[in-house]
Amino acid sequence: MVNIEDLPKEMLLEIFLRLPSWLLLRSCRLVCSRWRDMVDPLNMGWKEKCEQAGYPLGVLTGALPDWKTFYFLCRMKKNLIRNPCGEEGLNSWQIGPDQEEAWDVGKLSRDDSPFEDGTWCFGAFSGPTPKSQVIVLKDHGYWDELMDEVKPDIVVKDWCDVLDEDPYNYTLHVKLLSADSEVLCECHAEELVLSEPGETEWREGSYTFHNYPAGVRYIYFEHGVTGVDSGGLTNSSITVGPRFP
């Protein structure tokens, strides 16, 4: 009976090329020195691809970075929130019944915007119910095994213009959900890290999910303004990417 360790190098390499990179690094390369000597060049080949693409190699730490996974996470990284600033009205957002009149969209001038070229924003009036979206991770290429084994960082960012007045005027609720909608991890507005005050009233809040439980398949994002007559929200984002130190 042929043992897998006795297979020719060419056949082993063909098998290794079909396996997830984290399985190669965490398990296969530890079997013996022969396997390690075949796995390591495969990993370094992906490091060269990262260098050619201009990805920030210095952010990875550890004795043996997984360059293949890093490459694909950098390549796939994008804002998963649809219509984050309101250029498409309220499209892609879920709002409560009879709440259409409580939300509006408009273009900010350069003087009123936290961004140099101005931007669109959502206006909330008379404390409407929050608006929300559900993100299906698989629709954006983030397959189950990647989320369960690698657990890439999930970074939430949002801009609001009432945070200087009172942080409690802004509401945020982000939930990491399983396939059957069980809440595996969540964050609220009071957990955000706020940017330093700038020349406008706008401030950015951010939160990063690290090392969350396995099973995340959906992300629920909800935000709003309460306790004031009006407030603005813009440039909401959720990104999935490499785990930075």
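For region 208-245: of the residues being aromatic (Phe, Trp, Tyr) and under 20 Å from Asp148 (Cα atoms), which is modelled with the lowest pLDDT?
Of all residues in region 208-245, those aromatic (Phe, Trp, Tyr) come to 209, 212, 218, 220-221, 244.
Checking the rest, the ones that are also under 20 Å from Asp148 (Cα atoms) come to 209, 212, 218, 220, 244.
Details: Phe209: 98, Tyr212: 98, Tyr218: 99, Tyr220: 99, Phe244: 58.
Filtering region 208-245 for residues that are aromatic (Phe, Trp, Tyr) and under 20 Å from Asp148 (Cα atoms), the one modelled with the lowest pLDDT comes out as Phe244.
Modelled with pLDDT under 90 and out of contact with any Phe, Trp or Tyr (no Cβ under 8 Å at 6 or more places or on another chain) - does that describe any residue in region 129-139?
The answer is yes, given that some residue of region 129-139 is modelled with pLDDT under 90 and out of contact with any Phe, Trp or Tyr (no Cβ under 8 Å at 6 or more places or on another chain).
From (1) closer than 15 Å to Thr200 by Cβ; (2) of a type in the set (Ser, Thr, Tyr); (3) at pLDDT 90 or above, pick out the condition that doesn't hold for Ser113.
(3)
Would you confirm, using the coordinates I've provided, whether Leu172 is buried (at least 21 other Cβ atoms within 10 Å of the Cβ) and touching a residue at least 24 places away in the same chain (Cβ under 8 Å)?
Values: buried (at least 21 other Cβ atoms within 10 Å of the Cβ): yes; touching a residue at least 24 places away in the same chain (Cβ under 8 Å): yes.
Yes, satisfied.
Of all the residues that make up region 28-85, how many are surrounded by 16 or more Cβ atoms within 10 Å (Cβ to Cβ), among the β-branched types (Val, Ile, Thr) and farther than 30 Å from Gly118 by Cβ?
So the answer is 2.
Can you find a residue in region 94-112 that is in contact (Cβ under 8 Å) with a residue 12 or more places away in the chain and of a type in the set (Ser, Thr, Tyr)?
no
Answer yes or no as to whether Glu191 is at pLDDT below 95, touching a strand residue (DSSP E or B) at 6+ places or on another chain (Cβ under 9 Å), within 24 Å of Asp112 (Cα to Cα) and surrounded by fewer than 15 Cβ atoms within 10 Å (Cβ to Cβ). So that I can check it myself, show each step before the final result.
Working: at pLDDT below 95: yes; touching a strand residue (DSSP E or B) at 6+ places or on another chain (Cβ under 9 Å): yes; within 24 Å of Asp112 (Cα to Cα): no; surrounded by fewer than 15 Cβ atoms within 10 Å (Cβ to Cβ): yes.
In short, no.
What tally of residues in region 22-60 results from selecting those that are under 19 Å from Glu149 (Cβ atoms) and under 21 Å from the mean Cα position of the chain (by Cα)? Even if it seems obvious, please write down each step before you answer.
Step one: of region 22-60, the residues under 19 Å from Glu149 (Cβ atoms) are 22-31, 39, 42-43, 46, 60.
Narrowing further to those that are under 21 Å from the mean Cα position of the chain (by Cα): 22, 60.
Qualifying residue count, region 22-60: 2.
Quick one: in region 175-217, of everything that is β-branched (Val, Ile, Thr) and part of a strand (DSSP E or B), which residue is nearest to the chain's Cα centre (by Cα)? Can you show your working first?
Applying the first criterion (β-branched (Val, Ile, Thr)) to region 175-217 yields 183, 193, 200, 208, 216.
After this cut, where a residue has to be part of a strand (DSSP E or B) as well, the list is 183, 193, 208.
Working: Val183: 17, Val193: 16, Thr208: 8 Å.
My answer is Thr208.
Confirm whether Tyr142 is free of Cβ contacts under 8 Å to residues at least 60 places away in the same chain, surrounded by 20 or more Cβ atoms within 10 Å (Cβ to Cβ) and closer than 30 Å to Lys49 by Cα. Before the answer, list the steps.
Details: free of Cβ contacts under 8 Å to residues at least 60 places away in the same chain: no; surrounded by 20 or more Cβ atoms within 10 Å (Cβ to Cβ): yes; closer than 30 Å to Lys49 by Cα: yes.
No; evaluated as a whole, the condition is false for this residue.
Out of the residues in region 57-77 that are of a type outside the set (A, V, I, L, M, F, W, C) and modelled with pLDDT under 85, state the one that is farthest from Leu13 (Cα to Cα). I'd like the intermediate steps shown before the answer.
From region 57-77, those of a type outside the set (A, V, I, L, M, F, W, C) are 58, 61-62, 65-66, 68-69, 71, 75, 77; that's our starting set.
Next cut, modelled with pLDDT under 85 only: 58, 61-62, 65.
On the way: Gly58: 28, Thr61: 26, Gly62: 25, Pro65: 20 Å.
Ranking the candidates gives Gly58 first.
The values are calculated or read from the model by the stated rules, or taken from the named source; none is laboratory data. What you are looking at is a predicted structure, and each value in this text was computed from that prediction instead of being measured. When we count neighbours, we look across all protein chains shown, and the Cβ atoms used for this are built from the backbone with ideal geometry, even at glycine.
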